[in-house]
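Worksheet for the structure shown next.
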Amino acid sequence: MPDTLFASDEPPAQPSNPTDLLHAPLAARLRPATLEQVVGQEHLTRRDGPLARLLERGSGASVVLYGPPGTGKTTLATLIGRSSDAHMTELSAVNAGVAQVRNAIAEARDRLRRHGTPTVLFIDEVHRFSRTQQDALLPAVENGWVTLVAATTENPSYSLVSPLLSRSLVLELYALTDKELTALIERALISPDGLDGRVELEDEAAGHLLRVSAGDGRRALTLLEAAVGAAQAAGRHGRD
């Protein structure tokens, strides 16, 4: 992407996040820390919405977050974990087998018995789990050893086993609108944890970014970061 998309090719400021986020992708650096910072999904996050009510009472209910990529499923799962002062364990269905699931459950049960600390077990892409893997979660959910928060891009009515689905609250997330994507991009441009006001996105570039992002907030931030990097590289080569 040519550097003419940007009014400035100055490098972005380093984020003010903790050290482990200094070199994290833009989307990770800008992950919301509170429900109020979440862009989109107002049907869930508004004061009288189901997610806001869950957070107010410290969760405790298992939740399935269903929606397209880049709509905030991981963010909302993290906020659910923080709301209950629970220990949060994350597994990805892409690389976790039955053994990892059972080990996570055993650790959660021991943590609860020894210290009284609850566990939020976040499983990303849970639709990739086989029936056997999903069945392994049932005793932990039913007995309260873990609060399950599962994320999926597939309709849970078809991708999850009925016993697990019946024990969970399904919350559907929607693709971000152009207005919501614009708000997200503008935050990235001005945030000290993002680009800190050092680059300016021209209207043509902003329109292109909205079109190719197609409602995916993570994609929008990833493409924005890549475009800034390309513009900076072009500017450096132009000065050589």
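The values are calculated or read from the model by the stated rules, or taken from the named source; none is laboratory data. All values derive from a computational prediction rather than experimental measurement. Glycine gets a Cβ as well: all are built from the backbone with ideal geometry, and neighbour counts include every protein chain shown. Heavy atoms of the whole protein, side chains included, go into the accessibility calculation; ligands, DNA and RNA do not. Shrake-Rupley method; radii C 1.70, N 1.55, O 1.52, S 1.80 Å.
When the residues of segment 59-72 are filtered to those that are open to solvent by less than 20 Å² (accessible area, probe 1.4 Å) and of a type in the set (A, V, I, L, M), the one that is nearest to Ser83 (Cα to Cα) is Val63. Residues in segment 140-161 that are of a type in the set (A, V, I, L, M, F, W, C) and part of a loop (DSSP other than H, G, I, E, B) were compared, and the one that is farthest from Leu65 (Cα to Cα) is Trp145. Taking the listed residues Leu184, Leu189, Leu164, Leu137, the one that is in a helix (DSSP H, G or I) and touching a Phe, Trp or Tyr at 6+ places or on another chain (Cβ under 9 Å) is Leu137, with no other qualifying. In segment 66-88, of all residues being within 20 Å of Ile105 (Cα to Cα) and hydrophobic (A, V, I, L, M, F, W, C), the one that is farthest from the chain's Cα centre (by Cα) corresponds to Ala86.
Yes/no per residue for (1) open to solvent by 80 Å² or more (accessible area, probe 1.4 Å); (2) hydroxyl-bearing (Ser, Thr, Tyr); (3) free of Cβ contacts under 8 Å to residues at least 40 places away in the same chain:
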| position | (1), (2), (3) |
| --- | --- |
| Asn103 | yes, no, yes |
| His115 | yes, no, yes |
| Leu121 | no, no, yes |
| Arg128 | yes, no, yes |
| Gln133 | no, no, no |
| Leu138 | no, no, yes |
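Taking the numbered list (1) within 23 Å of Glu154 (Cβ to Cβ); (2) open to solvent by less than 70 Å² (accessible area, probe 1.4 Å); (3) not in a helix (DSSP H, G or I) in turn, Gly194 passes all entries but (1). Each residue in segment 101-153 was checked for being of a type in the set (Gly, Ala, Ser) and in contact with a strand residue (DSSP E or B) (Cβ under 9 Å, 6 or more places away or on another chain), and 5 of them qualify.
If you filter segment 24-34 down to residues that are surrounded by fewer than 16 Cβ atoms within 10 Å (Cβ to Cβ) and farther than 10 Å from Thr75 by Cα, you find that the one that is modelled with the highest pLDDT is Pro25. When segment 198-229 is filtered for residues that are surrounded by fewer than 16 Cβ atoms within 10 Å (Cβ to Cβ), at pLDDT below 90 and in a helix (DSSP H, G or I), only Gly229 remains.
Rundown of residues vs (1) without any contact (Cβ under 8 Å) to a residue 60 or more places away in the chain; (2) open to solvent by less than 30 Å² (accessible area, probe 1.4 Å); (3) more than 27 Å from Ser162 (Cβ to Cβ), yes/no style:
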| position | (1), (2), (3) |
| --- | --- |
| Val38 | yes, yes, yes |
| Asp48 | yes, no, yes |
| Leu51 | no, yes, no |
| Arg57 | yes, no, no |
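If you filter segment 138-175 down to residues that are within 19 Å of the chain's Cα centre (by Cα) and β-branched (Val, Ile, Thr), you find that the one that is nearest to His87 (Cα to Cα) is Thr147. Condition check: among the hydrophobic types (A, V, I, L, M, F, W, C) and at pLDDT below 80. Does Leu21 satisfy that? Taking the combined requirement at face value, the residue satisfies it.
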